[in-house]
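K.L.:
Here it is: the structure, laid out below.
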Amino acid sequence: MLSYTLNATMITPLLPEIGRQLAPGGGDISLVSSLFFLSGSVAGIVLSRWSDFVGRKPVLMGSLAATALGTLICIFAPSLPLLLLGRAIQGMSSAAFQLAYIVLVETLSAAQFGVALGVITAVNGGFGGVDGYLAGLISRFYGYRAVFGCILVVGLLAMGLLRTIMPSLPPPRPDEKMDWPGAAALSAGLVALMTGVSQGSSSGWLAPSALVLFGAAALFFVLFWKIEQIRRWPLIDVRHFRSRRIWPIIATTILTLGGVFSVINFTVILLSQNAGIGFGMTPEDSALLFLSPPALIGVASAPLSGWLAGRWGWVRTMKIGLVCCIAALAVIALFPFEKWVVAAAIAALGVFYNGLALTTVNGLGVFLSPEEAPAALPGLNGAAFGIGASLGIAIVAPFVLGGSTGGIRIALWISVGITVMAFAASRFVPSLPTLAAVRKRRMNAH
């Protein structure tokens, strides 16, 4: 998992240095991050579903091998375009998350599954929030390329461990074929949608470029729907989208990320560094006070959340987490200019958001996936993370970037409202069968 996570958390602080070395005359350095996440959203859907046909282990090994190749390109890239190519290839490691969840549910007992899923969710935050700081130290003494070298070592170690200890599950399906046309249409739709969201946020939602991208996304999604209706082995049977097994959990994930992620990683960070209406903090102090605590708390709370979900029920635990998230966000919205109140509420989100909410939506994505396509919903749910985070920031950005106290308050209450919508969507998530029942139904479907 770290082979993917560190490519995000350790590289973001290095963007200014990368820009100075590879694009001194100008260039869109933000693509270093956005291409990585965009590639990851597509790879998570396509590769996880492909593993239903050829097995989890080969796909995991292949995605890590591609990531290693992309990392090598980044290490030796003499120009920004070549570095961007490497970052796009690195994004394939995103499939590791969805595949890990499926492997856990296929190999562990019910009691083990919840805790192990929490560990994987905790790893999503990196090394407890200190990896960005470590990246800065390494880069200061050895340059940003050395950071990519460290990430490469982690990826190679992961490949060695997978080859040695991972079981070969499930057995390949030589009589069934991957739905590549459906995967291509859905991937194109996601690329157009996420690019449109980014364009709309920067240029305006009614800008011609944004409208063209949204129109293209709609056309690709319609094409995907038509393809799935005629395929013998579809990427995901469209009839499932009419059931409560698919759309409620995807909607809950998008809205949860849209509501909470934008507060922690955007609104509060910009407010804390604003000397006029905010706290006037340096970027380092801001990260230390508002980013590290929820990440560190999440490392401990996510495994505990998985353990609690196995006893309280996954749906119930998710709803409790969302209610607590709403309460914490409301406190921030009521007292946005009280630094220590905001810091305490953000730290609490380390339990409610990084722990309870994220652990359970990941687990539910695995449990509720159709029997004949166990990797389909985890892949879609993984893409929902990126869509929700991008959409949430895009919606509040105009209010936050205005730099007024009123704009900050409006942005925060919008985030509260989005999270309330996430709780409303969670009420449609159906009750879960036992883990043993899930395995039995999937074996019968296979």
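The values are calculated or read from the model by the stated rules, or taken from the named source; none is laboratory data. All values derive from a computational prediction rather than experimental measurement. Note that we place each Cβ from the backbone using ideal geometry, even for glycine, and neighbour counts take in every protein chain shown.
K.L.:
May I ask you to verify whether Trp205 is among the aromatic types (Phe, Trp, Tyr), free of Cβ contacts under 8 Å to residues at least 24 places away in the same chain and outside any helix (DSSP H, G or I)?
P.N.:
In short, yes.
K.L.:
Looking for something closer than 26 Å to Ile165 by Cβ, at pLDDT 85 or above and in the same structural domain as Gly25 (by TED's automatic domain parsing) - is there at least one such residue anywhere in the range 123-136?
P.N.:
Taking the range 123-136 first, the residues closer than 26 Å to Ile165 by Cβ are 123-128, 131.
From what's left, at pLDDT 85 or above: none.
No, the range 123-136 contains no residue that is closer than 26 Å to Ile165 by Cβ, at pLDDT 85 or above and in the same structural domain as Gly25 (by TED's automatic domain parsing).
K.L.:
Given Leu432, Leu364, which one is at pLDDT below 90, in contact with a Leu (Cβ under 8 Å, 6 or more places away or on another chain) and either crowded, with 17+ Cβ neighbours inside 10 Å or not basic (Lys, Arg) (or both)? Outline the logic, then answer.
P.N.:
On the way: Leu364 fails: at pLDDT below 90.
When all the criteria are applied, what remains is Leu432.
K.L.:
Could we say that Gly276 is assigned by TED's automatic domain parsing to the domain that holds Gly386, surrounded by fewer than 18 Cβ atoms within 10 Å (Cβ to Cβ) and within 21 Å of Leu412 (Cβ to Cβ) here? Explain how you work it out, then say what you get.
P.N.:
Values: assigned by TED's automatic domain parsing to the domain that holds Gly386: yes; surrounded by fewer than 18 Cβ atoms within 10 Å (Cβ to Cβ): yes; within 21 Å of Leu412 (Cβ to Cβ): yes.
Considered against the rule, which asks whether it is assigned by TED's automatic domain parsing to the domain that holds Gly386, surrounded by fewer than 18 Cβ atoms within 10 Å (Cβ to Cβ) and within 21 Å of Leu412 (Cβ to Cβ), Gly276 comes out as yes.
K.L.:
When the range 233-266 is examined, which residues are found to be farther than 21 Å from Leu47 by Cβ and assigned to a loop (DSSP other than H, G, I, E, B)?
P.N.:
Listed by number, the residues that qualify are Ser243, Arg244, Arg245.
K.L.:
Looking at the range 211-232, which of the residues that are charged (D, E, K, R) and part of a helix (DSSP H, G or I) is nearest to Gly200 (Cα to Cα)?
P.N.:
First, pick out the residues of the range 211-232 that are charged (D, E, K, R): 226, 228, 231-232.
Okay, now just the ones that are also part of a helix (DSSP H, G or I), so 226, 228.
Numbers: Lys226: 28, Glu228: 29 Å.
Here the residue is Lys226.
K.L.:
Confirm whether Pro208 is closer than 25 Å to Phe423 by Cα and surrounded by fewer than 20 Cβ atoms within 10 Å (Cβ to Cβ). Quick ask: steps written out before the conclusion?
P.N.:
Details: closer than 25 Å to Phe423 by Cα: no; surrounded by fewer than 20 Cβ atoms within 10 Å (Cβ to Cβ): yes.
Against the criterion (closer than 25 Å to Phe423 by Cα and surrounded by fewer than 20 Cβ atoms within 10 Å (Cβ to Cβ)), Pro208 does not qualify.
K.L.:
Hey, another quick one. Condition first: exposed (fewer than 14 other Cβ atoms within 10 Å of the Cβ) and at pLDDT 80 or above. Now tell me which residues in the range 108-122 satisfy that.
P.N.:
Within the range 108-122, just Ser109 meets the criteria.
K.L.:
Sticking with this one: Looking at the range 76-98, can you tell me whether even one residue there is at negative phi, surrounded by 24 or more Cβ atoms within 10 Å (Cβ to Cβ), in contact (Cβ under 8 Å) with a residue 60 or more places away in the chain and in contact with a Pro (Cβ under 7 Å, 6 or more places away or on another chain)?
P.N.:
yes
K.L.:
Identify all residues within the range 69-112 that are over 24 Å from the mean Cα position of the chain (by Cα) and small (Gly, Ala, Ser); write none if there are none.
P.N.:
Those that are over 24 Å from the mean Cα position of the chain (by Cα) and small (Gly, Ala, Ser): Ala77, Ser79, Ser109, Ala110, Ala111.
K.L.:
When the residues of the range 229-273 are filtered to those that are in contact with a Phe, Trp or Tyr (Cβ under 8 Å, 6 or more places away or on another chain) and under 19 Å from Ala344 (Cα atoms), which remaining residue is surrounded by the fewest Cβ atoms within 10 Å (Cβ to Cβ)?
P.N.:
It comes out as Gln273.
K.L.:
I'm trying to understand the selection: among the residues of the range 3-37, which are touching an Asp or Glu at 6+ places or on another chain (Cβ under 9 Å) and modelled with pLDDT of 80 or more?
P.N.:
Once the filter is applied, which keeps residues that are touching an Asp or Glu at 6+ places or on another chain (Cβ under 9 Å) and modelled with pLDDT of 80 or more, the range 3-37 yields Thr5, Leu6, Met10.
K.L.:
Next question, about the same structure. Read through the list (1) surrounded by fewer than 24 Cβ atoms within 10 Å (Cβ to Cβ); (2) touching a Ser or Thr at 6+ places or on another chain (Cβ under 6 Å); (3) closer than 30 Å to Leu35 by Cβ, then give the number of the only condition that Ile326 fails.
P.N.:
Every listed condition holds for Ile326 apart from (3).
K.L.:
A further question follows. Condition check: under 25 Å from Asn362 (Cβ atoms) and under 18 Å from the mean Cα position of the chain (by Cα). Does Val299 satisfy that?
P.N.:
Working: under 25 Å from Asn362 (Cβ atoms): yes; under 18 Å from the mean Cα position of the chain (by Cα): yes.
Spelling it out, Val299 is indeed under 25 Å from Asn362 (Cβ atoms) and under 18 Å from the mean Cα position of the chain (by Cα).
K.L.:
Residues that are more than 20 Å from Phe148 (Cα to Cα) and crowded, with 20+ Cβ neighbours inside 10 Å: does the range 29-42 have at least one?
P.N.:
Filtering the range 29-42 down to residues more than 20 Å from Phe148 (Cα to Cα) leaves 41-42.
Of the ones still in play, those that are also crowded, with 20+ Cβ neighbours inside 10 Å are 41-42.
Yes, the conditions are met somewhere in the range 29-42.
K.L.:
Another question, then. Mind listing whichever residues of the range 142-160 are in a helix (DSSP H, G or I) and either over 19 Å from Val123 (Cβ atoms) or among the aromatic types (Phe, Trp, Tyr) (or both)?
P.N.:
Residues of the range 142-160 in a helix (DSSP H, G or I): 142, 144-160.
Hits for the range 142-160 are Tyr142, Tyr144, Arg145, Ala146, Phe148, Gly149.
K.L.:
When the range 358-379 is examined, which residues are found to be over 11 Å from the mean Cα position of the chain (by Cα) and of a type in the set (A, V, I, L, M, F, W, C)?
P.N.:
Of everything in the range 358-379, those that are over 11 Å from the mean Cα position of the chain (by Cα) and of a type in the set (A, V, I, L, M, F, W, C) turn out to be Val361, Leu364, Val366, Phe367, Leu368, Ala373, Ala375, Ala376, Leu377.
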